[in-house]
Amino acid sequence: MTAARGTLSALAAVSLLGLVPVAGGAADSPPPRPNEVVEPVPPGETIGILGKKVWGPDGEDMGLIVDVLVDARGRARAAIIDFGGFLGVGSRKVAVDWRLLRVTPGDNARQVSLGLARADIQAAPEYKPGGPSVEMIGPPPGTPTAPAGNK
Amino acid sequence: MAQAGNPCAGAATAASAERGLDWLNLFVANIQTGFGPFVAVYLTTQGWTQAAIGLALSLGTVASMASQVPAGAVVDAVRSKAAVALASVLAFSASALLLALRPVPLFVYAAEILHGFSSCTLGPAIAAMSLAIAGPAMLGLRLGRNARFASIGTGVGAALMGACGYLVSEQAVFFLTAALTLPAIWSLRPLRRIEAPAPPPREPGDCRSDARRIVRLLTGRALVTFALCAMLFTLANAAMLPLVAGELTKRGGNDASLLIAACIVLPQGIVALLSPTIGQLAQKRGRRLVLLLGFSMLPLRGLLFAGLTAPLPLVAIQALDGVAATCIGVLVPLVTSDIAGRSGHFNLALGFVGLAIGVGATASTGLAGWAADRYGTEWAFLCLAAVGLAATLLVLLAMPETRRE
């Protein structure tokens with residue numbers, strides 16, 4: 001249950017980045033129009049995600065978020081994390097299922113965290129933009145393989 | 001010889017000029033560590049997208065390639081090479097501060113272009129001051145000393161900046177880089193009176209014969225062959241470290257970052273140890289022998305990287321990189337000076353070789369990335385080893401001995 005809530009808050013964070021239009025909009029219809037032009041977002045509810053450091057379970061540095069993969073409905077599916085290396089040499093990009101991230105906008109020290117061990121990320125296949133398919137580190141156990149309501 | 005027309009002929013001032021050049025090489029290498037691949041990490045933390053970072057870095061590469069040859073001509077034309085060096089180092093300060101204070105596109109582009117151009121003036125200025133201080137006969141020894149201090153600078157710089165990025169912040173690395181330009185400027189003090197020997201006298205208005213001389217120099221067999229060798233060397237060499245570092249990230253366990261740091265620092269230690277010996281060897285036994293020694297490390301290193309997978313042996317093989325880096329670091333300015341040192345166009349020729357090296361480095365990452373994607377990392381290493389073998393054969397079969405008796 002808590003896992004689901006964390007996912008929801010993570011999705012809420014991206015929705016305010018403009019990545020999720022309005023839930024339920026079909027992929028091929030024109031983008032929905034808002035009722036009002038300006039909608040205030042209370043401070044501390046959202047963060048920009050690009051370039052944020054990802055923290056591991058033991059407070060270790062798991063890399064930086066360099067991109068977010070979204071599906072046809074604008075839902076965030078995977079975070080691309082640039083991991084490892086020294087002074088920019090030898091880092092690898094891996095794709096991680098979006099639902100594995102925990103976003104806590106209020107926690108200034110650890111805004112984004114991930115429940116994976118370093119070994120999991122090390123073993124993951126490298127993410128290549130424009131490749132035939134994306135292989136990402138899978139969803140947490142007990143969740144459907146694709147976000148509910150996608151099909 | 002070269003010192004004949006030099007105002008600082010006294011032994012004390014000559015010694016302090018030598019020391020100034022030592023420190024200059026050290027601090028410039030320090031500074032250059034900050035402008036390396038770390039810029040991409042920093043811009044990522046500033047919320048830059050990968051495409052925007054790629055554009056900014058490409059701008060820097062294009063600026064530096066386009067300005068290699070013109071920058072060489074500028075350094076030839078300016079009498080005081082210390083003034084050129086000062087302007088270049090000040091441009092580095094500006095560039096580092098722009099990156100640290102205003103990481104927005106316009107300023108980052110400006111910083112990358114400024115850094116690209118001033119790298120092209122600084123390298124030749126240092127080589128020209130070395131030639132002026134040591135003279136053609138002792139240049140090999142002086143360049144060995146340059147390489148020794150530069151490698152100490154790179155090793156110390158990598159350690160300092162790695163610690164700074166880890167303990168303080170990514171932004172702090174660029175403040176540190178800017179701060180390191182101050183001792184570099186200080187080290188220029190004993191060098192300000194160094195002037196290169198006057199170029200061969202020429203009559204006013206014979207620009208056309210001068211242009212013809214430049215064309216003859218740049219199309220001469222020795223320089224073109226050497227530039228081609230240097231290009232192939234870098235084509236084989238530049239992608240090896242990133243490729244092996246990527247492998248270490250995959251297999252190196254929790255210490256992967258430390259192992260990568262060792263891959264960067266270990267060759268610098270070897271360079272610091274070997275370069276005076278290599279300079280002497282080039283002086284006594286000729287340039288071809290040293291070139292062959294350095295170039296032959298490439299196929300060997302590529303083969304070993306392809307065959308071995310355990311992290312520690314991968315780090316140990318980087319010692320071969322140290323040997324290769326020593327030879328090429330000393331021999332690029334030395335051979336170029338053999339060919340063009342007395343023409344008054346030494347820096348132009350150095351810019352020409354620098355351009356060839358830049359082309360090789362850019363193509364190297366592309367080649368290795370393509371081979372690794374399609375056929376796997378082992379084949380990428382073998383592919384680089386094959387290019388290295390071709391470079392070695394080119395030296396063996398086509399490169400003339402340039403040392404003068």
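Tabulated data
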| item | result |
| --- | --- |
| Yes/no for B:Ala96 being in a helix (DSSP H, G or I), surrounded by fewer than 17 Cβ atoms within 10 Å (Cβ to Cβ) and either β-branched (Val, Ile, Thr) or more than 14 Å from every other protein chain (Cβ to nearest Cβ) (or both) | no |
| Subset of the range A:29-70 that is of a type in the set (Val, Ile, Thr), touching a residue at least 24 places away in the same chain (Cβ under 8 Å) and assigned to a loop (DSSP other than H, G, I, E, B) - its residue that is nearest to A:Ala95 (Cα to Cα) | A:Ile49 |
| Options B:Leu90, B:Leu86, B:Leu24; residue that is at pLDDT 95 or above, part of a helix (DSSP H, G or I) and surrounded by fewer than 16 Cβ atoms within 10 Å (Cβ to Cβ) | B:Leu90 |
| Residue list for the range A:67-84, filter: surrounded by 24 or more Cβ atoms within 10 Å (Cβ to Cβ), out of contact with any Gly (no Cβ under 7 Å at 6 or more places or on another chain) and within 11 Å of chain B (Cβ to nearest Cβ) | none |
| Criterion violated by B:Gly36 - all others in (1) within 14 Å of chain A (Cβ to nearest Cβ); (2) part of a helix (DSSP H, G or I) satisfied | (2) |
| Selection count, the range A:123-140, where residues are under 16 Å from A:Gly84 (Cα atoms) and either in a strand (DSSP E or B) or in contact with a strand residue (DSSP E or B) (Cβ under 8 Å, 6 or more places away or on another chain) (or both) | 4 |
| Of all residues in the range B:213-248 being more than 23 Å from the chain's Cα centre (by Cα) and of a type in the set (A, V, I, L, M, F, W, C), the one that is farthest from the other protein chains (Cβ to nearest Cβ) | B:Val215 |
| Test for B:Ile278: is it part of a helix (DSSP H, G or I) and closer than 19 Å to B:Leu394 by Cα | no |
| Unmet criterion (only one of (1) within 26 Å of B:Asp373 (Cα to Cα); (2) among the small types (Gly, Ala, Ser); (3) over 13 Å from the mean Cα position of the chain (by Cα)) for A:Gly142 | (1) |
| Test: B:Thr13 is at pLDDT below 95, surrounded by fewer than 20 Cβ atoms within 10 Å (Cβ to Cβ) and under 17 Å from the mean Cα position of the chain (by Cα) | no |
| Qualifying residue in the range A:86-107 (condition: more than 13 Å from chain B (Cβ to nearest Cβ), exposed (fewer than 15 other Cβ atoms within 10 Å of the Cβ) and either at positive phi or out of contact with any Gly (no Cβ under 9 Å at 6 or more places or on another chain) (or both)) | yes |
| Residue within the range B:267-282 that is within 14 Å of chain A (Cβ to nearest Cβ), in contact with an Asp or Glu (Cβ under 9 Å, 6 or more places away or on another chain) and farther than 30 Å from B:Ala211 by Cα present | yes |
| Selection within the range B:99-113 - in contact (Cβ under 8 Å) with a residue 12 or more places away in the chain and surrounded by fewer than 19 Cβ atoms within 10 Å (Cβ to Cβ) | B:Pro105, B:Tyr109, B:Ala110 |
| Pick from the range A:45-66, criterion within 11 Å of another protein chain (Cβ to nearest Cβ) and touching an Asp or Glu at 6+ places or on another chain (Cβ under 9 Å), ranking: farthest from A:Arg102 (Cα to Cα) | A:Val66 |
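The rows are residues; the columns are (1) touching a Phe, Trp or Tyr at 6+ places or on another chain (Cβ under 9 Å); (2) within 14 Å of another protein chain (Cβ to nearest Cβ); (3) modelled with pLDDT under 95.
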{"residue": "B:Leu122", "(1), (2), (3)": "yes, no, no"}
{"residue": "B:Ala128", "(1), (2), (3)": "yes, no, yes"}
{"residue": "B:Ala132", "(1), (2), (3)": "no, no, yes"}
{"residue": "B:Ala137", "(1), (2), (3)": "no, no, yes"}
{"residue": "B:Gly144", "(1), (2), (3)": "no, no, yes"}
{"residue": "B:Ala150", "(1), (2), (3)": "no, no, no"}
{"residue": "B:Gly155", "(1), (2), (3)": "no, yes, yes"}
{"residue": "B:Ala158", "(1), (2), (3)": "yes, yes, yes"}
{"residue": "B:Gly165", "(1), (2), (3)": "yes, yes, yes"}
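The values are calculated or read from the model by the stated rules, or taken from the named source; none is laboratory data. Remember, predicted model here, so these are calculated numbers, not experimental data. Every residue, glycine among them, receives a Cβ derived from its backbone with ideal geometry; neighbour counts consider all protein chains shown.
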